[in-house]
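As structure tokens, the structure follows; a few thoughts come after it.
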Amino acid sequence: MSDILVSEQSAPGADGSGRPSGRLLEVEDLRVEFRTRDGVAKVINGVTYHVEAGETLAVLGESGSGKSVTAQTIMGILDTPPGFVTNGQVRFHGKDMLKMSAEERRRIRGEGIAMIFQDSLSALNPVFTVGFQIAEQFRIRRGMSRADAKKRAVEMLDQVKIPNAKGRYSNYPHQFSGGMRQRAMIAMSLALDPEVLIADEPTTALDVTVQAQIMDLLGELQRERQMGMILITHDLGVVADVADRIAVMYAGRIVEEADVFELYRKPAHPYTLGLLNSIPRMDERGQELRTIKGLPPNLMNIPPGCPFNPRCPMAQPVCREKVPPLLQVGAGRASACHFAEELVNRD
Ligand SMILES: Nc1ncnc2c1ncn2[C@@H]1O[C@H](COP(=O)(O)OP(=O)(O)OP(=O)(O)O)[C@@H](O)[C@H]1O
Ligand code: SF4
Ligand SMILES: [Mg+2]
């Protein structure tokens, strides 16, 4: 049996809202490597997380920790080659998508699981109008007439609060501001009413005020639709208001998972502590952002023992020898640190 915290089987069922309850999407002990001319990069090294209907899981970690590659594997858009899944399962309603046919997976994309990409300009097709791109989904996947599809697309643009949605339908992506393009991306990803939405850094390219508006909109739509949402970010400040649970990633592993309140109150992993300490505080304006010392490991040569040990202020000799498994350290929380119990039980 794997020493990774194993998710229970999903338990879909009716909850009265018309939405299935329980675990919609489960990633279990996922491993992905990139085989390149320079060597093999072990990019995902046993990721286990899940999302339930109506909740938001934030996936947090520094650049290169594997947040997007995990999402790409879930969506079936991993760049293969050079990327290969070497282990694990990605279950949607309990069924392993990695074993499904291309046709079965295609049907899940959009209706079951949809994704918003960081870069809306390259995700939208520049040669078609924004409205047309949304309407096409209704025509192709729902078999609607041209007129009905257009009507639904305008409604979608309206739902994401694009002013004058009817007039804006005929605009091309370059005629939209960055914030509006991101709203259009949200409309496009929600068109087929997915059960799970993966939002990969949906606001990084935007200025701070627009970021907040887009996050509010996403939170609102997630609650209204009772979707399960996976929000990928490297910004702890962004997730506090929106997420229910947080999974912290480091070097292709989940190193801590907890509900937001517990994680902020008492991190159970030194890496999470480091991330929390790197948020600038209001009373420290003008001061330099504190960052975690050192760099993430080279994924072609991950250090033995705990991958965080070269940067960890708490490291002990055991940390250089034994990989700490992700183990439960309290109700609904898990940590991959040899000293997690001490961290959780400290005053
Ligand atoms: N097509 C590819 N070929 C080779 N290596 C890749 C490829 N795509 C991703 N990687 C590597 O996989 C690792 C994880 O990348 P990933 O994009 O998942 O990081 P991330 O956590 O999403 O980071 P960011 O916050 O910068 O988006 C990185 O080291 C990256 O260089
Ligand atoms: S296992 Fe050791 S090196 Fe790794 S995070 Fe815990 S204390 Fe630090
Ligand atoms: Mg990424």
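The values are calculated or read from the model by the stated rules, or taken from the named source; none is laboratory data. Just so it is clear, the structure is predicted and the values come from calculations on it, not from any experiment. As a convention, Cβ positions derive from the backbone with ideal geometry for all residues, glycine included, and neighbour counts pool all protein chains shown.
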- Can you spot a residue in the stretch 59-74 that is more than 16 Å from ligand 2 (Cβ to nearest atom), within 20 Å of D259 (Cα to Cα) and part of a strand (DSSP E or B)? yes
- Message: Can you pull out every residue in the stretch 300-341 that is in a loop (DSSP other than H, G, I, E, B), within 9 Å of ligand 2 (Cβ to nearest atom) and among the β-branched types (V, I, T)?
- Response: V323
- Task: Could you check, for the stretch 157-172, whether at least one of its residues is at pLDDT 90 or above, crowded, with 24+ Cβ neighbours inside 10 Å and not in a loop (DSSP other than H, G, I, E, B)?
- Result: yes
- Give me a count of the residues in the stretch 126-149 that are surrounded by fewer than 20 Cβ atoms within 10 Å (Cβ to Cβ) and out of contact with any Leu (no Cβ under 7 Å at 6 or more places or on another chain). 15
- Filter the stretch 174-212 for residues that are among the aliphatic types (A, V, I, L, M) and part of a loop (DSSP other than H, G, I, E, B); which is modelled with the lowest pLDDT? A205
- Do we find a residue being within 11 Å of ligand 2 (Cβ to nearest atom) and either modelled with pLDDT of 90 or more or assigned to a strand (DSSP E or B) (or both) anywhere in the stretch 278-297? no
- Message: Quick check on the stretch 262-273. Is at least one of its residues within 25 Å of A336 (Cα to Cα) and among the acidic types (D, E)?
- Response: yes
- Note on the structure: Counted residues in the stretch 120-156 being assigned to a helix (DSSP H, G or I) and of a type in the set (V, I, T) come to 4
- Message: Looking at the stretch 250-259, can you tell me whether even one residue there is over 20 Å from S68 (Cβ atoms) and either more than 16 Å from ligand 1 (Cβ to nearest atom) or at pLDDT below 90 (or both)?
- Response: yes
- Item | Residue identified as more than 8 Å from ligand 1 (Cβ to nearest atom) and touching a residue at least 40 places away in the same chain (Cβ under 8 Å) among T56, T70, T80 | T56
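Per-residue answers, yes or no, for (1) over 30 Å from H234 (Cβ atoms); (2) out of contact with any Asp or Glu (no Cβ under 6 Å at 6 or more places or on another chain); (3) among the acidic types (D, E):
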residue	(1), (2), (3)
K42	no, no, no
G61	no, yes, no
K67	no, yes, no
T73	no, yes, no
L78	no, yes, no
I113	no, yes, no
R139	yes, yes, no
- Message: Take the conditions at pLDDT below 95 and of a type in the set (D, E) and apply them to D119. Does it pass?
- Response: yes
- Task: Would you point out the residue of the stretch 39-51, among those that are on the phi < 0 side of the Ramachandran plot and not aliphatic (A, V, I, L, M), that is nearest to ligand 2 (Cβ to nearest atom)?
- Result: N45
- So I140 fits all but one of (1) on the phi > 0 side of the Ramachandran plot; (2) free of Cβ contacts under 8 Å to residues at least 12 places away in the same chain; what number is the exception? (1)
- Can you pull out the residues in the stretch 52-85 that are at positive phi and away from ligand 3 (no atom under 14 Å from the Cβ)? G54, G76
- Restricting attention to the stretch 168-181, does a residue exist that is within 20 Å of A114 (Cα to Cα), within 16 Å of ligand 3 (Cβ to nearest atom) and free of Cβ contacts under 8 Å to residues at least 60 places away in the same chain? no
